[in-house]
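Nothing in this text is a laboratory measurement; each read-out follows from the coordinates by a stated rule. From a predicted model like this one, the values you see are computed outputs, not experimental measurements. Cβ placement follows ideal geometry from the backbone for every residue including glycine, while neighbour counts extend to all protein chains displayed.
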Amino acid sequence: MARSGKTTVFNALTGAHAAVGAYGSRDANVAVIKVPDARVDRLSEIHKPKKKTYAEIEFLDIAPNEAADQDKALDSAALTVLKNTDALVHVVRAFKNDTVTHPMDSVNSVRDVRALEEELQLVDLIIIERRIERLDKERRHDKEYEIMQRCKEHLENGAPLRSLALDAHDTGILRSYTFLSQKPLMVLGNYGDECIGNADPAGLDAVTQALGLFHIDFCGAMEMEVTQLPEEDRASFREELGLGGESKTLFVQAAYDMLGLMSFLTAGEPEVRAWTIRKGTKAVDAAGVIHSDIQRGFIRAETVAYDDFMESGSMVKAKEKGKVRLEGKEYIVQDGDILLFRFNV
């Protein structure tokens, strides 16, 4: 929703300097951040690679709806942008500022969380009802029609599509619709500096638990100030203010958990790199993240857990200790696995 501090949070997480307070007068802000990963840093110290590459996340900060219809957080332009994202983050205002009025005239974080959930569901319901009408006219009462009816009933019961049980085939049919209430949603409570150090400072634990949503809290204004300090001063400043862990790291960890993501690593003199995959990914599919040729010609994956490698000190010693394994296509890659793929094309 407008005037929630979205752009301030965006700047705090990305280190960008997007203008704040430009209500309705800009396009979406875009920034790509490198995912903090101490494992990449430590492996780089050992291998002295020519290149060090972190995983990345792209952020979009959409322009707020400042039209007369203030009971809606999203206008048509925002809806179009959001359909192309992997997940949504709802920045919820939990700070007071007499000079920046809330679009609903009062600060009520719980109300705003519920309102956006209802709005996303309504947007999806309208699309589904139109699709059902079209299928009825075409007399196509097929598998798609059946799934659409299930989705319609689920939404009419006040539940988002992300909570509807779907098999792989159903998910494939719905994929092209990019329903918003089907996307993972994180609630980010943006609280004021007077609440720093308080438990549940934005008062959102109960409602997010009830709705099954991921939840994290930031003091956005203070976090943005920290990003503007010299890097060597940030940790002491955070400790002095009681801000806790570094905001970008905490956010990325929460986002990875929400999306079911993790990283495997490749390490050597040319490059040390983190690769992002979904939890449960097989070795042959992880190979495809690097290059389709490696996936097509996959033979084996030489594998060692990061902790085992660090304890051993080198790949040679890890092999001597029996910590290095040769895994086949069906091996489920684990977070932090260091992989070397053997392939032939």
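The table that follows gives values for the structure above.
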item: Order by protection proxy (mean Cβ within 10 Å, highest first), peptides 261-274, 331-344, 157-170; result: 261-274, 331-344, 157-170
item: Value of D in µm² per second that Stokes-Einstein yields for region 280-343, Kirkwood Rh from Cα pairs, at 37 °C (0.692 mPa s); result: 278 µm²/s
item: Quotient of C-alpha Rg and 2.2 N^0.38 Å, computed over region 173-219; result: 1.50
item: Backbone HN-Hα couplings from phi across region 266-272 [Karplus 6.51/-1.76/1.60, Hz, Gly and Pro as x]; result: 10, 9, x, 5, x, 6, 10
item: Separation of the residue 168 and residue 85 label points, Cα + 7 Å toward Cβ, nm; result: 2.9 nm
item: Residue-averaged 222 nm ellipticity for the chain, from DSSP H runs of 4+ at -39500 (n - 2.57), nearest 500; result: -12000 deg cm²/dmol
item: Region 66-138-region 163-199 distance, computed between alpha-carbon centres (Å); result: 13 Å
item: Pair residue 51, residue 254: separation of 7 Å Cα→Cβ label points (nm); result: 3.3 nm
item: Length added when fully stretched, residue 332-residue 233, from 0.36 nm per residue minus Cα-Cα; result: 31.6 nm
item: Nearby lysines by direct alpha-carbon distance to residue 321 (threshold 29 angstrom, same-chain neighbours under 8 apart not counted); result: 48, 50, 51, 52, 279, 282, 329
item: Under 25 Å from residue 6, Cα to Cα: lysines that are on another chain or at least 8 residues apart; result: 34, 72, 83, 96, 183, 248
